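The values are calculated or read from the model by the stated rules, or taken from the named source; none is laboratory data. Small disclaimer: the values here were computed from a predicted structure and weren't measured. So basically every Cβ, Gly included, is an ideal-geometry build from the backbone, and we count neighbours across all protein chains shown.
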Amino acid sequence: MPRIPEEAIDRIRDSVNIVDVVAEYVQLTARGRNHVGLCPFHDDHDPSFNVSQEKQIYKCFVCGAGGNVYTFVREIEGISFVEAVRKVADLGGMSLPEPDRRMQAKEQAFDPLYQSMDLARKYFNHLLTHKPEGKVALDYLKGRGVDDATIEQFSLGYAPNAWDRYLRAATQRGFNPQILEKAGMVLARNNGNGYYDRFRHRVLFPIRAHTGRVVAFSARALASDEQAKYINSPESPIYHKSAILHGLYEGRDALRKAKQALIVEGQMDHLSLFQFGIENVVATSGTALTIQQAKLLKRYVEHAVLIFDGDRAGMSAAVRGIAPLIESGVDVRVVSLPEGLDPDTFVREHGKDALLATVEDSVPLVDFLVTWVGTLEDLTTADGRARATHHIADLIARVADATLRQFLIRDAADRIGIEEAVVIQSVQDAQESPRPQRREQPRETTVNTAREQFDPRPRQERELLIQMMSDNETADIVLSQIQPEDFSNSVYRQVAQIVANQRKNGWGSSVAHIVDCLTDEGLARIVSSLSLETGISNPDQVEMPVEDYITAFHLRRIDRQIADLNHQMRSAPAEEQIALMQTHKQLTIGRKAIKEGASYSGNSELTSIGDAAGEIVDSGPS
């Protein structure tokens, strides 16, 4: 999909009213300066979803969802950023710049492919539900417990036992056979004389992209002598199997509300769970979960439960799905069903409540991994425990959150029966081992991670940052006396740096624009939460003038420098003690002067003392 110029992104965001856009999805009621409603991102019964027309952002104070208008549409629709911009422009009745001719031609070339797949969906579904020849497939589905409503909802179909039925139906409607071949629906004959249908005498399961368009099919053989029980559409210009999760489109609302995905292997597993009312489920279609699929799923959920057969093959399939999920920041648990039972069979024999009970009792990540390596290695021997450690360390190394990684290391050491230091070293070795580089396409790079939890202290720094986001003049005053790197918390530093960049480029420090510049969803939610805190948007309710915040900021900075000097003086050589004591004295005098009303930024003597102290602290004892 072609990129949209930054100017158009800013123009659309600044022209639409987020209240109007959100109101297309959520019933809102005006309350004071904001609008409130039931949060669409969790099962909300007491309105906790706030939308600020003034700030052009939203925030849920229960589940933490927050952001600007693009964030909202991206999350509610489960679409990409570019698709969200287009959707917002459409809702606001605004036009987008015409894409360049090459990109426009590429998009137009896809249209016949999508149209041919939609024709196939309708054609095969009609044969299944309205033609006598489809009875064999209908009987198979009924025998598997699939009801009429599910057949209709998922557009299940039947490909007849003939060589060219779909080919003839499509060409009669004007489709070029070469388009059908490119879409993966027909194959060229070996002699070069024409084409024939790819799917014959099979039940067809349409595969939809997250946008809802059918892009491929998975086909289940009805003849018992077929060598391949399932065959799938090949890769095509519109179907990239590594980026498609079966059932994501149909289950998008349930996934978003539950914040949890149940991941199964096959289409029948998915259909059965969905039909039993468990709609927050997706299927990998029998292939290993990819990083693209995991990142797509992360748009909807925070947690995933892998549900696989309880045999060794099922455990191996679960392990293959763990790495991309934890690498994408999804919390993972695992359900191993009794051997011989798949999710489809289990839910039909034991019911919905029993399956949900197994999900409630799902095994934490490390517990499952230790059970898995126990099937591969002898954990009663030193060599076996060492090899098991390497297996698990390779997965733990992919966890981005340092705190979670430390907990997993500790748990793994306890379960395997090995020293924690050994696991730490093994994880570090795995982190240093080269992995294939993946292409990333962030809109703008932000500093390191924003997953660390927002630290509400010190409150004065937080209030100062809030005022910087709310008022351009305040931002200019603060940035003339404080550098972004001077903030004590990395989250504060990132936001302050974005504000500084905006002011440097002559832009206003709009909260909606700041959110737009953030690629980390956690940080975007923090910014939204800050901006919607009670009293923030009202200048009359701030605790003290901005100058007092700046003064308090510098006093804390000097206090940190004094504390660091005290630490150094305890271990510094005698010849350095005099210089350290002199600096300590000057800082103490400077601190007193600031408390009595002297300006730090306007006082060259105080500034030079602070800079000198900073250099001493940074250098440490020689």
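Brief remarks follow.
- Which listed residue, of Ile57, Ile4, Ile18, Ile9, is of a type outside the set (Lys, Arg), under 30 Å from Asn472 (Cβ atoms) and touching a Pro at 6+ places or on another chain (Cβ under 9 Å): Ile4
- Spans of helices (runs of 4 or more DSSP H) in the stretch 383-486 with at least 3 residues of a type in the set (A, V, I, L, M) and modelled with pLDDT under 65: none
- Within the option set Ile278, Ile322, being crowded, with 18+ Cβ neighbours inside 10 Å, in contact (Cβ under 8 Å) with a residue 60 or more places away in the chain and outside any helix (DSSP H, G or I) holds for one residue only, Ile278.
- The set of residues in the stretch 152-178 that are buried (at least 19 other Cβ atoms within 10 Å of the Cβ) and of a type in the set (A, V, I, L, M, F, W, C) comprises Phe154, Leu156, Ala159, Leu167, Ala170, Phe175.
- Of all residues assigned to the stretch 2-25, none qualifies as being without any contact (Cβ under 8 Å) to a residue 40 or more places away in the chain, hydrophobic (A, V, I, L, M, F, W, C), closer than 30 Å to Ser95 by Cα and surrounded by 21 or more Cβ atoms within 10 Å (Cβ to Cβ).
- Failed item in (1) modelled with pLDDT under 75; (2) of a type outside the set (Ser, Thr, Tyr); (3) touching a Lys or Arg at 6+ places or on another chain (Cβ under 8 Å); (4) farther than 28 Å from Cys63 by Cα, with Arg525 passing the rest: (4)
Residue-wise test of (1) closer than 30 Å to Gly143 by Cα; (2) among the charged types (D, E, K, R).
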| site | (1), (2) |
| --- | --- |
| Leu355 | yes, no |
| Pro364 | no, no |
| Phe368 | no, no |
| Leu376 | no, no |
| Val399 | no, no |
| Arg410 | no, yes |
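- Number of the condition not met by Lys229 [criteria: (1) surrounded by fewer than 17 Cβ atoms within 10 Å (Cβ to Cβ); (2) charged (D, E, K, R); (3) more than 20 Å from Pro343 (Cβ to Cβ)]: (3)
- Of the residues making up the stretch 359-378, at least one is over 19 Å from Leu306 (Cβ atoms) and crowded, with 17+ Cβ neighbours inside 10 Å.
- Set Ser316, Ser285: member being in a loop (DSSP other than H, G, I, E, B) and either within 25 Å of Asp401 (Cα to Cα) or assigned by TED's automatic domain parsing to the domain that holds His350 (or both): Ser285
- Whichever residue in the stretch 98-134 is assigned to a loop (DSSP other than H, G, I, E, B) and in contact with a helix residue (DSSP H, G or I) (Cβ under 9 Å, 6 or more places away or on another chain) and, among such residues, is modelled with the lowest pLDDT: Pro99
- Residue under evaluation Thr389, criteria (1) closer than 30 Å to Met268 by Cα; (2) β-branched (Val, Ile, Thr); (3) crowded, with 20+ Cβ neighbours inside 10 Å; (4) more than 26 Å from the chain's Cα centre (by Cα), criterion not met: (1)
- Residue check for Asp559: modelled with pLDDT of 60 or more and assigned by TED's automatic domain parsing to the domain that holds Asp476: no
- Options Asp269, Asp253: the member that is assigned to a helix (DSSP H, G or I), under 27 Å from Glu83 (Cβ atoms) and acidic (Asp, Glu): Asp253
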